[in-house]
Amino acid sequence: MFPRPIEKSTPAVRTAYQAFLPFALVLWLLPLLAIFLTSIRSAADINSGNVFGWPSEFAIIENYTAVFTQSAAAQYMWNSVLITVPTVIISVALACLAGYALAIYRFRVALPLFFLFVAGNFIPFQILMVPVRDMSVQTGLYDTIAGQFLFHAAFQTGFCTLFMRNFIKALPFDLVESARIEGVAEWKIFWYVVLPLVRPAIAALAVLIFTFVWNDFFWANVLTQGETAKPITAGVRALNGQFVNNWHLVSAASLLAAIPPVACFFLMQRHFIAGLTLGAVK
Amino acid sequence: MTDAVNVPSAKPSWLKRNKLAVAPWIFLIPALIFFAIYVVFPIFESLWLSLYEWNGLYDVDGNSTAVWVGFDNYVKLWDDPNFWVSLRNNIAWLILYMLAVPLGLFIALFLNQTVTGMRFYKSMFFFPFVISQVVVGLIFGWFYNPDFGVVGTIWKAIFCEETVNIVGNVAFSCSRPAPDILSSPEWATYGIIAAGLWPQIAYCMILYLTGLNNVAADQIEAARLDGAKGWKMLWYVVVPQLKPATFIAVVVTVIGALRSFDMIAIMTQGGPFGSTNVLSHYMYEVAISEYGERYGYGSSVATVLFGIMLFFISYFLWRMYQDERGGR
């Protein structure tokens, strides 16, 4: 293990390390703590300039309800859910199929196709922006929920396929081989042999894609204009304009926007990290 | 690889005989169609559109009003100072964003212990990556505020004296005025990059923590017996073993640097005076601006950004290809 385990050091070093940890954490999360403190301050504190000291009173409930009553935050949140959930389902489903095809069958274009998905996953969004926006306007998908989740699902399919293909490739091929010898149909091999084994990958992808899409801001701006289809990320920016100088409300709204991915991360931490770090070890 | 299934049948149909050639396409088709419509074709459409001038409108018959201008957009781009500022900022992002890789490694080394509560600390250090860049941008926009943000408050504590005038109003007299980072054309970009580093360091950290978990313990022990420790151990024994983690950290950092859009849109919208623009934001600004859409010109900016990215993508794919050939 590197660095040398702290248990092997002197007690003094060990205590110092353990004392330093919380301090380092507070320093690291200082911006976040500061904004959290702001979000529970009263308007009076903000106006009198008490933004860094201890709040004179706690207005946590007032502030967070104000966000919902004075703005369309609830609508934005719901829109985010409506965009994110179908994206996760579609992209993961498509990627299971495509990843299976690219990992199990050996055909000439398997690798080029795989690289196509990988490359598509890395390209800048801007190269897609004008055509996708134009296409959405033409098909009536502009400023709709469906217009957003269809695009996200297609785009995230690239990443999901990369992930799934590598995951399935690492499974023992004998399983498929012996099923074939038994005469099991190809789609049954997929459904009964491979799919149960890729459950961890599905879980990892689901949390990752949920977070990626929930946090999307660029496409929310490109594909929506009104309140009806805007997700919370774009909504928070709109609130930022609406609540000028009401920093306590802006802070509360931003933290609300962050809650679902954060909750998702803490609930599914193992899968989340396994997904992000796939390939970080050999 | 086995051939067709050993089912005795007098005359298997074409489909049965070619099962293994047809099946992958059936599994692939939904993803391919979707991906082609939304990703592959639009890339070519954008490249093509960059040779046109178009405001995004259609005439009554439904025909696009785009006008062919050849390479005019690129000529204009060459003479566009905003383009060069954006490109320069992109390079600044690329270089400075790379700091996330070593910094992430150091935090990972710091946290790679097994004291009680370590899991909690690790996930809390990772926290900034999970929240949206929009929120990070808002947090830092406020953090940097010279009047009531954290930077301003700390500055006041160090450089300012609080004075109370006769009426009882509190004022500050400062030996040096608090810096307004995001309004300064020289510093704003660095302020945004610093904010962007925060989640990116967290990402690199988690990659390295996973990598460190898998460093071969026997090699470390052997090196220790040989007297290696500290920096030497890190550089010659540990870092080489972290190569896969480093590769991914570099890939995601390069992509992240070139994709930076959210933070800029939230914190400065490219300002002051376009000094914080990067290609991704500048493209958005020219393509969908309040002065009317300029799809052609925007596409030419996007094409340049795509070209830069393609350079990196090719390298990544080449590396992956080497792995594929070597691996199996």
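The table for this structure:
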item: Selection within the stretch A:46-69 - among the aliphatic types (A, V, I, L, M) and modelled with pLDDT of 75 or more; result: A:A59, A:I60, A:I61, A:A66, A:V67
item: Residues (outside any helix (DSSP H, G or I) and either of a type in the set (A, V, I, L, M) or buried (at least 19 other Cβ atoms within 10 Å of the Cβ) (or both)) located in the stretch A:223-282; result: A:T224, A:A229, A:K230, A:P231, A:F243, A:V244, A:N246, A:M268, A:T277, A:L278, A:A280, A:V281
item: Helices (runs of 4 or more DSSP H) contained entirely in the stretch B:22-133, each with at least 1 residues that are polar (S, T, N, Q) and either closer than 30 Å to A:L111 by Cα or outside the structural domain of B:F312 (by TED's automatic domain parsing) (or both); result: B:41-49
item: Enumeration of residues in the stretch A:82-124 that are modelled with pLDDT of 95 or more and surrounded by fewer than 19 Cβ atoms within 10 Å (Cβ to Cβ); result: A:L82, A:V85, A:P86, A:I89, A:A93
item: Considering residues of the stretch A:261-282 that are touching a residue at least 40 places away in the same chain (Cβ under 8 Å) and within 10 Å of chain B (Cβ to nearest Cβ) only, the residue nearest to B:I248 (Cα to Cα); result: A:G279
item: Looking only at the stretch B:229-269, and only at residues there that are outside any helix (DSSP H, G or I) and surrounded by fewer than 17 Cβ atoms within 10 Å (Cβ to Cβ), the one that is modelled with the lowest pLDDT; result: B:K229
item: Members of the stretch B:98-118 found to be more than 21 Å from B:Y190 (Cβ to Cβ) and not β-branched (V, I, T), listed by number; result: B:L105, B:A108, B:L109, B:F110, B:L111, B:N112, B:Q113, B:G117, B:M118
item: Residue in the stretch B:287-301 that is under 17 Å from the mean Cα position of the chain (by Cα) and at pLDDT 90 or above present; result: no
item: Residue in the stretch A:184-192 that is in contact with a Gly (Cβ under 6 Å, 6 or more places away or on another chain), outside any loop (DSSP other than H, G, I, E, B) and more than 11 Å from every other protein chain (Cβ to nearest Cβ) present; result: no
item: Conditions (1) within 7 Å of another protein chain (Cβ to nearest Cβ); (2) touching a helix residue (DSSP H, G or I) at 6+ places or on another chain (Cβ under 6 Å); (3) among the small types (G, A, S): number failed by A:A103; result: (1)
item: Out of B:A36, B:A66, B:A23, B:A92, sole residue that is within 7 Å of chain A (Cβ to nearest Cβ) and either aliphatic (A, V, I, L, M) or surrounded by fewer than 14 Cβ atoms within 10 Å (Cβ to Cβ) (or both); result: B:A23
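Residues are listed down the side, and each one gets a yes or a no for (1) more than 10 Å from chain A (Cβ to nearest Cβ); (2) farther than 27 Å from B:F44 by Cα:
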| residue | (1), (2) |
| --- | --- |
| B:A245 | no, yes |
| B:V250 | yes, yes |
| B:T253 | yes, no |
| B:Y282 | no, no |
| B:V301 | no, no |
| B:S314 | no, no |
| B:L317 | no, no |
| B:Y321 | no, no |
| B:G326 | yes, yes |
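Here's the yes/no breakdown for (1) under 27 Å from B:F126 (Cα atoms); (2) in a loop (DSSP other than H, G, I, E, B); (3) away from chain A (no Cβ under 12 Å):
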{"site": "B:T153", "(1), (2), (3)": "yes, no, no"}
{"site": "B:V167", "(1), (2), (3)": "no, yes, yes"}
{"site": "B:A178", "(1), (2), (3)": "no, yes, yes"}
{"site": "B:L182", "(1), (2), (3)": "yes, no, yes"}
{"site": "B:E186", "(1), (2), (3)": "no, yes, yes"}
{"site": "B:G191", "(1), (2), (3)": "yes, no, yes"}
{"site": "B:A194", "(1), (2), (3)": "yes, no, no"}
{"site": "B:Y203", "(1), (2), (3)": "yes, no, no"}
{"site": "B:G211", "(1), (2), (3)": "yes, no, no"}
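The values are calculated or read from the model by the stated rules, or taken from the named source; none is laboratory data. None of the values given here were measured: they were computed from a predicted structure. Ideal geometry is used to build each Cβ from the backbone, glycine not excepted, and the neighbour counts take in all protein chains shown.
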